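Visitor: This is the structure I have questions about; it appears just below.
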Amino acid sequence: MRYQISGHQIDIGESLTAHVKSELGNAVAKYSDRPTDSQVIFSRRGHEYMCETTVHLSTGLNAQASGRASEIYAAFDDCREKLEKQLRRYKRRLKDHYKDRKEPVEVFGAASYILAASEAGVEDQEPETLQPMIIAEMETQIPSLSVGEAVMHMELAGAPVLVFRPEGESAVNVVYRRDDGNIGWIDPKTGS
């Protein structure tokens with residue numbers, strides 16, 4: 001597994017780096033045979049240290065967790081425990097969905113935009129233009145997954161929506177969490 005360990009406006013030493021590699025490697029190895037890479041970012045806000053970790057698996061699954069504590073090692077340990085809990089929770093589902101998969105999940109690049117929200121108290125006014133203002137643009141990846149895998153990715157990421165391409169198809173599909181707690185699926189080819 002490749003590690004990218006960094007500190008946001010703080011220095012992290014070799015001892016912490018070695019600790020992260022050892023502990024994170026052991027934790028992920030329990031639940032995944034093929035982790036590809038991980039990103040660990042440490043930061044500090046006031047008296048509290050924060051650790052944010054993302055682990056990418058060869059199945060295309062991303063597991064994310066964050067931890068906080070008054071000591072930097074404790075912040076990492078809190079984050080690692082949450083990550084382990086997440087992976088343990090999905091271990092059976094990972095095995096069921098990916099046991100026959102020989103290749104990593106294929107991903108496609110796409111543009112992702114963040115649009116400015118309307119300002120408070122301005123909803124009653126007519127906008128000058130119907131074109132929304134783009135405040136950020138970034139590259140994102142659209143995975144090629146089955147519907148079941150897409151739902152699992154969405155739940156693991158804690159996201160309200162996931163855009164994906166069904167395997168072997170070129171159309172883009174969407175799964176999302178409905179207000180009633182169920183999962184919705186938008187498939188343009190079945191629409192009329």
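The values are calculated or read from the model by the stated rules, or taken from the named source; none is laboratory data. Quick caveat: nothing in here was measured; it's all calculated off a predicted structure. Glycine also receives a Cβ, built like all others from the backbone with ideal geometry; neighbour counts cover every protein chain displayed. Accessible surface areas use protein heavy atoms only, side chains included; no ligands, DNA or RNA. Shrake-Rupley method; radii C 1.70, N 1.55, O 1.52, S 1.80 Å.
Visitor: Hey, does the stretch 49-65 have a residue that's outside any strand (DSSP E or B), open to solvent by 30 Å² or more (accessible area, probe 1.4 Å) and not charged (D, E, K, R)?
Guide: So in the stretch 49-65, the residues outside any strand (DSSP E or B) come out as 58-61.
Subsequent filtering for residues that are open to solvent by 30 Å² or more (accessible area, probe 1.4 Å) retains none.
Looking through the stretch 49-65, none of the residues is outside any strand (DSSP E or B), open to solvent by 30 Å² or more (accessible area, probe 1.4 Å) and not charged (D, E, K, R).
Visitor: Taking strands (runs of 3 or more DSSP E) that do not extend beyond the stretch 119-190, which have at least 2 residues that are out of contact with any helix residue (DSSP H, G or I) (no Cβ under 9 Å at 6 or more places or on another chain) and either modelled with pLDDT under 80 or open to solvent by 70 Å² or more (accessible area, probe 1.4 Å) (or both)? Before you say what the answer is, go through the steps one by one.
Guide: Numbers: elements: 134-145, 161-166, 173-177, 183-186.
Counting at least 2 such residues, we get 134-145.
Visitor: Please tell me if residue 100 is part of a helix (DSSP H, G or I), at pLDDT below 75 and within 28 Å of residue 183 (Cβ to Cβ). Write out each step before concluding.
Guide: On the way: part of a helix (DSSP H, G or I): no; at pLDDT below 75: yes; within 28 Å of residue 183 (Cβ to Cβ): yes.
Answer is no for this residue.
Visitor: For the stretch 29-38, indicate whether the set of residues that are closer than 19 Å to residue 158 by Cα and in a strand (DSSP E or B) is non-empty.
Guide: yes
Visitor: Output the number of the condition that residue 14 fails; it satisfies all remaining conditions of (1) within 22 Å of residue 87 (Cβ to Cβ); (2) free of Cβ contacts under 8 Å to residues at least 12 places away in the same chain; (3) among the charged types (D, E, K, R).
Guide: Unmet for residue 14, out of (1) within 22 Å of residue 87 (Cβ to Cβ); (2) free of Cβ contacts under 8 Å to residues at least 12 places away in the same chain; (3) among the charged types (D, E, K, R): (1).
Visitor: I've got another one for you. Just one of (1) farther than 30 Å from residue 82 by Cα; (2) touching a Ser or Thr at 6+ places or on another chain (Cβ under 9 Å) trips up residue 165, so point out which.
Guide: That leaves (1) as the condition not met.
Visitor: Just to be sure before I move on: is residue 77 more than 23 Å from residue 148 (Cα to Cα), open to solvent by less than 50 Å² (accessible area, probe 1.4 Å), modelled with pLDDT under 90 and among the charged types (D, E, K, R) in the structure I sent? If you could, list the steps in order and put the result at the bottom.
Guide: Working: more than 23 Å from residue 148 (Cα to Cα): yes; open to solvent by less than 50 Å² (accessible area, probe 1.4 Å): yes; modelled with pLDDT under 90: no; among the charged types (D, E, K, R): yes.
Taking the combined requirement at face value, the residue does not satisfy it.
Visitor: Within the stretch 1-20, take every residue that is closer than 16 Å to residue 66 by Cα and not aliphatic (A, V, I, L, M) and give me the one that is surrounded by the most Cβ atoms within 10 Å (Cβ to Cβ). Explain how you work it out, then say what you get.
Guide: Restricting attention to the stretch 1-20, the residues satisfying the condition of being closer than 16 Å to residue 66 by Cα are 4-8, 20.
Then drop every residue that is not not aliphatic (A, V, I, L, M), which leaves 4, 6-8.
On the way: 4: 10, 6: 12, 7: 17, 8: 12.
Looking at the filtered set, the residue picked out is 7.
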